[in-house]
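One structure is given here, and the rest of the page talks about it.
The values are calculated or read from the model by the stated rules, or taken from the named source; none is laboratory data. For clarity, every value in this text was computed on a predicted model and none was experimentally measured. As a convention, Cβ positions derive from the backbone with ideal geometry for all residues, glycine included, and neighbour counts pool all protein chains shown. The area values use the complete protein model at the heavy-atom level, side chains included, leaving out ligands, DNA and RNA. Shrake-Rupley method; radii C 1.70, N 1.55, O 1.52, S 1.80 Å.
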Amino acid sequence: MSRLQKHLLRLVHASRHHHTSSRMQHQASELRTPVCPVGDEAALRLARQCLLSGQVIALPTDTVYGLACDANNETAIQRLYEIKGRDEHKPVAICVHNIEALRRFGQAVHLSDELLTRLLPGPLTIVIERTAQLSNRFLNPSTSKIGIRIPDFNFMRDLCAVWHEQPLALTSANRSSAPSSLQVSEFRSLWPQLGAVFDAGQIGLTEERRLASTVIDLATPGYFEIVRAGVALKPTLSLMEEFGIRARKIL
């Protein structure tokens, strides 16, 4: 065997060793990230522990899988943007337990309880001015507004209820510009960067679910603006008409 052939064999062997080592490291990293069914009795406790330690977790909502963290933890929010690969000036929403919590973190005096309870819980994000209760300077630094969700999904609402009545920052579980996820395997590449993944199986049967929540700006009394059409556009527009709230701009 020539010297050149021996050198090429060594290179091939080194390359195989490198790829095997990288694959094993990636698999080991994945194994360190717990994947917990939402029905497991330890799921809420594990999620709360992750949030307390400033980690980002993945969990199901009533539309797509999301990434969540403590909305008032500066380090956690920065980590959320890093994992997502998202421009820090592109807003993320928060998720809360009920209407009372929505009013605590958003200025919603001009929105009646009747309207809010007709809109929520559900696949809708309501954008209003934030209150001083949202103290994180890294949370949507380019706007005074905040999008607030109350997902119609028990695990999410139960987690918000046990999380010190504090808000969770919430964005979809995918890299920016990538499709949103209807099952946890679709964002497997993000697992090594997460504190835990909470699995509810496939949460949508149609591709329409990937459109995520409808986003409506209700910050100006008497007016609305559709920011994103999402999956709940038609019923949302019907309620705006019923309550006499006029459109500034409709998609």
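State all residues of the stretch 196-220 that are open to solvent by 10 Å² or more (accessible area, probe 1.4 Å) and either in contact (Cβ under 8 Å) with a residue 24 or more places away in the chain or among the small types (Gly, Ala, Ser) (or both); if no residue qualifies, say none.
ASP199, ALA200, GLY201, ILE203, ARG209, ARG210, LEU211, ALA212, VAL215, ASP217, ALA219, THR220
Across the stretch 161-177, what is the total count of residues that are of a type in the set (A, V, I, L, M, F, W, C), open to solvent by 10 Å² or more (accessible area, probe 1.4 Å) and modelled with pLDDT of 90 or more?
The number of residues fulfilling the criteria is 1.
Working only within the stretch 163-201, note down all residues that are touching a Phe, Trp or Tyr at 6+ places or on another chain (Cβ under 7 Å) and among the β-branched types (Val, Ile, Thr).
VAL184, VAL197 - these are the residues of the stretch 163-201 that are touching a Phe, Trp or Tyr at 6+ places or on another chain (Cβ under 7 Å) and among the β-branched types (Val, Ile, Thr).
In the stretch 51-87, how many are acidic (Asp, Glu) and within 18 Å of GLU186 (Cα to Cα)?
Of the residues in that region, 1 qualify.
Please enumerate the residues belonging to the stretch 34-82 that are among the acidic types (Asp, Glu), over 14 Å from SER172 (Cβ atoms) and open to solvent by less than 60 Å² (accessible area, probe 1.4 Å).
If the condition is that a residue be among the acidic types (Asp, Glu), over 14 Å from SER172 (Cβ atoms) and open to solvent by less than 60 Å² (accessible area, probe 1.4 Å), then ASP70 is the only one that fits.
Give just the number: which of (1) open to solvent by 30 Å² or more (accessible area, probe 1.4 Å); (2) closer than 14 Å to SER213 by Cβ does ARG104 not satisfy?
(2) is the only condition that ARG104 fails.
Only strands (runs of 3 or more DSSP E) wholly contained in the stretch 171-242 count here; list those with 2 or more residues that are touching a helix residue (DSSP H, G or I) at 6+ places or on another chain (Cβ under 6 Å) and over 28 Å from GLY106 (Cβ atoms).
Output list reads 196-199.
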